[in-house]
Amino acid sequence: MWKHIAANALTLGVVVIACLAAIIQIGKSRWAEPGPLTEATFFEVPRGASMRVVTEDLVEAGIVSSGSIFRIGTNYAERGGDLKFGTYEIPAGATMPEVLDIVTAGGPSVFPYSVTYLVRQRGPEVRVRERIPGQEEAIEIATYEPGVDEVPEEYTALIERGVPITWRVSVAPGLTSWDVVEALKAVDFLEGGDDLPVPPEGSLAPDTYDVARGSDIETLIDRMRSAQEGILADAWASRVPGLPIETPEEALTLASIVEKETGVPEERRTVAGVFVNRLEQGMRLQTDPTVIYGITNGEGGPLGRGIRASELRAATPYNTYVIEGLPPTPIANPGAASIRAALNPEETEFIFFVADGSGGHAFAETLAQHNANVAAWRAIEAARDATSTD
């Protein structure tokens, strides 16, 4: 009888082991197979939420098919305490390991709506966009110019509904520090800045910055200064040897001139090369943007008129038609590309350039070539003036 009992027990044990193995195999298969989500969606991990609560939310949202398998897999991977607060985009058919990676990786939250305040030379603009899960490009649902247009109802409705929004400030290259500070004071989702001193010229990194609604302008300014310091330090460390530039501050000044002289990315290194050639040959830089900065002191926006002959003759620190070498400070906040161009200029024989009518410039090695390019440009201007008066 004992032999019979032992045989039955052994058989039962084998069956149990086989069942457990089957269950484990099914669980592993369910863990790795595509999830039930048919369309990409946003999913929020609340601040301080436990893995148990998040798992229940994932099941309720139709992102994972089994809460028990998801928890077991999470525990097995020893990642139960790795949740990161935020809103994430979950792609359609995401497997449980992929979902776990997303909700534990952290990083910037991905909200369905974004509001970007553009700080630019021709005036500010606000763009309101909606991000559709699974689509690369956001849809623009409203745009307006503060102080010119009325605030769109779509924007107001989002604020009233209290929907999650990514708030951004995008600062264009080439603005003066005064321009930037004055523009930031008008951003409706930032606070402070009334008594904020204007930072040193050139010290702010033009870029797009994510901010929290209601955050302080001074905090954003500090971020911009820190970013510019890092960009300049990296570019200075990798500069080409033999440049007629002795300090990072001089490099920043040259970069600001390059930034103001051309908006064509492909020309930056060439323009920088022209100015380096002039510095090496002891020529005056003779660049209009520095003269304009000396007139406006970087305040009040563009000059709004042509430079007078008397202003070109005036011996001011920024009149590069009169002074030797670089002006005493930058004349704007250059972007990273212009800083890199100033410290890695194109090797060229060009020492002159003038507008060519296409938005770019015509470059020349000799004064005779330059005079021909200037004549061509003046002919283009004359033709445009004649057309505008017809």
* To do: Using only C-alpha positions, report the orientation-averaged shadow area of the convex hull of region 31-107, nm², one decimal.
  => 4.2 nm²
* Asked: When every alpha-carbon pair in region 113-231 is counted, what percent end up more than 25 Å apart?
  -> 24 percent
* **Among A315, A183, A355 the positive-end extreme of the charge dipole of the chain (Cβ point charges)** => A183
* Structure fact -> Computed over the chain, the relative contact order (Cα-Cα under 8 Å, seq sep at least six) in percent reads 12 percent
* Structure fact -> Relative to the chain, whose Cα atoms define the longest principal axis, helix 51-60 and its Cα axis are tilted in degrees, nearest 10, by 90 degrees
* To do: Mind checking the full-extension length gain between I159 and A372? Use 0.36 nm per residue of separation minus the Cα-Cα distance, one decimal, nm.
  => 70.9 nm
* Pick from R127, R313, R223: which residue has the top mean-square fluctuation in a GNM of the chain where Cα pairs under 10 Å get a spring? -> R313
* Helical contribution to [θ] at 222 nm, DSSP H n ≥ 4, -39,500 (n - 2.57), averaged over the chain, rounded to 500 -> -14000 deg cm²/dmol
* Structure fact -> Note on region 113-231, DSSP bridge orientation, antiparallel percent to nearest 5 equals 60 percent
* **Label-to-label distance, nm, for residues given as S358 and T143 (7 Å Cα→Cβ offset)** => 2.6 nm
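Based on the Cβ-Cβ distance of A383 and W236, what FRET efficiency does E = 1/(1 + (r/R0)^6) give at R0 = 35 Å, to the nearest 0.05?
Numbers: r = 44 Å, r/R0 = 1.27.
Approximately 0.20, to the nearest 0.05.
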* Share of region 240-388's accessible area from carbon and sulfur, percent, 1.4 Å? -> 51 percent
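Expressed in nm to one decimal, what extension gain is obtained for the pair F85 and E266 from 0.36 nm per residue of sequence separation less their Cα-Cα distance? Mind dumping the intermediate values first?
Values: separation 181, 0.36 × 181 = 65.16 nm, distance 4.18 nm.
Computed gain between F85 and E266 is 61.0 nm.
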* Asked: Which value in nm describes the separation of the simple spin-label points at A77 and R305, placed 7 Å from the Cα toward the beta carbon?
  -> 6.8 nm
* Might you tell me the accessible area per residue for the chain, computed with a 1.4 Å probe and given in Å²? => 54 Å²
* Structure fact -> Checking P289, P97, P124 against a Gaussian network model of the chain (alpha-carbon springs below 10 Å), the top fluctuating residue turns out to be P97
* Structure fact -> For region 289-301, in residue order, the Karplus 3J(HN,Hα) values (coefficients 6.51, -1.76, 1.60; θ = phi - 60°; whole Hz; Gly and Pro = x) are x, 5, 4, 4, 4, x, 6, 8, 6, x, 10, x, x
* Asked: When you take every Cα atom in the chain, what is the radius of gyration, and what is Dmax, the widest Cα pair distance, in Å?
  -> 30.8, 121
* Structure fact -> Under a Gaussian network model of the chain whose springs join Cα atoms within less than 10 Å, the largest fluctuation of I257, I102, I331 belongs to I102
* To do: For region 31-107, give the percent of accessible area contributed by carbon and sulfur heavy atoms, probe 1.4 Å, rounded to a whole number.
  => 50 percent
* Can you give me the pair-distance distribution of region 289-390, C-alpha pairs, 10 Å bins, whole percents? -> 12, 29, 43, 14, 1
* Would you work out the relative contact order for region 240-388, in percent, from Cα pairs under 8 angstrom that are 6 or more residues apart? => 30 percent
* Residue separation times 0.36 nm, minus the C-alpha to C-alpha distance between D194 and N344: what's the value? -> 50.1 nm
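The values are calculated or read from the model by the stated rules, or taken from the named source; none is laboratory data. It should be emphasised that the depicted structure is a prediction, and the values quoted were computed from it without experimental measurement. All Cβ positions, even for glycine, are placed from backbone atoms using ideal geometry, and neighbour counts span all protein chains on display. Note: areas computed on protein heavy atoms with side chains; ligands, DNA, RNA excluded. Shrake-Rupley method; radii C 1.70, N 1.55, O 1.52, S 1.80 Å.
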